[in-house]
1. Please tell me if residue 109 is buried (at least 16 other Cβ atoms within 10 Å of the Cβ) and closer than 13 Å to residue 198 by Cα.
2. If I go through the stretch 139-153 residue by residue, how many of them are touching a strand residue (DSSP E or B) at 6+ places or on another chain (Cβ under 8 Å) and either surrounded by fewer than 16 Cβ atoms within 10 Å (Cβ to Cβ) or within 13 Å of residue 91 (Cβ to Cβ) (or both)?
3. Before we move on, is residue 168 modelled with pLDDT of 95 or more and surrounded by 15 or more Cβ atoms within 10 Å (Cβ to Cβ)?
């Protein structure tokens, strides 16, 4: 009998605790109708951990994925390709006695050949052995220009396919017998070779005796 009374008293006490917690929860919420999450301590008092026997784990709200708002890096453009610069140079200048002349970058005097064809299409008629004695001024691109109007400088294609510099529609050459810079031993040779001026015209200064200047 005493044992049954103790069990009844224990059940009554447990029921009182449960009812008391329910009343406390309702009172603490006041006007707020949302349920209050029970703490692990409360659950420990109640002794109810569900089917697993473990306290529930409260999960944090999922965070919204972040968006990269930084603007994309500007692409660096490769510099435009520049035209190759020729290693060949022509220089128009005044020299003692001869006056206006054109020289290459090494100071060699340049000549024009009266048997060349200036118009309508500029053409060199100095080839083979002639081109050995009178080497044409060759360049794959328009040469560097100083003291000459760039508008009258161009390249022509020779019979062998190489590019030759022309000034004022006249192909230009050096002379193999000019042994050092500044010489003009080719002046008047054969009455067909003359030092060329920066305007493309022939220079008729310092002509050897007996030279005949062709009629223009």
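The values are calculated or read from the model by the stated rules, or taken from the named source; none is laboratory data. Since we're looking at a predicted model, the values are computed, not measured. Note that we place each Cβ from the backbone using ideal geometry, even for glycine, and neighbour counts take in every protein chain shown.
1. yes
2. Taking the stretch 139-153 as the starting set, the residues that turn out to be touching a strand residue (DSSP E or B) at 6+ places or on another chain (Cβ under 8 Å) are 139-148, 152-153.
Adding the requirement that they be either surrounded by fewer than 16 Cβ atoms within 10 Å (Cβ to Cβ) or within 13 Å of residue 91 (Cβ to Cβ) (or both) leaves 140-141, 143-148, 152-153.
Counting residues in the stretch 139-153 that are touching a strand residue (DSSP E or B) at 6+ places or on another chain (Cβ under 8 Å) and either surrounded by fewer than 16 Cβ atoms within 10 Å (Cβ to Cβ) or within 13 Å of residue 91 (Cβ to Cβ) (or both) gives 10.
3. Working: modelled with pLDDT of 95 or more: yes; surrounded by 15 or more Cβ atoms within 10 Å (Cβ to Cβ): yes.
Spelling it out, residue 168 is indeed modelled with pLDDT of 95 or more and surrounded by 15 or more Cβ atoms within 10 Å (Cβ to Cβ).
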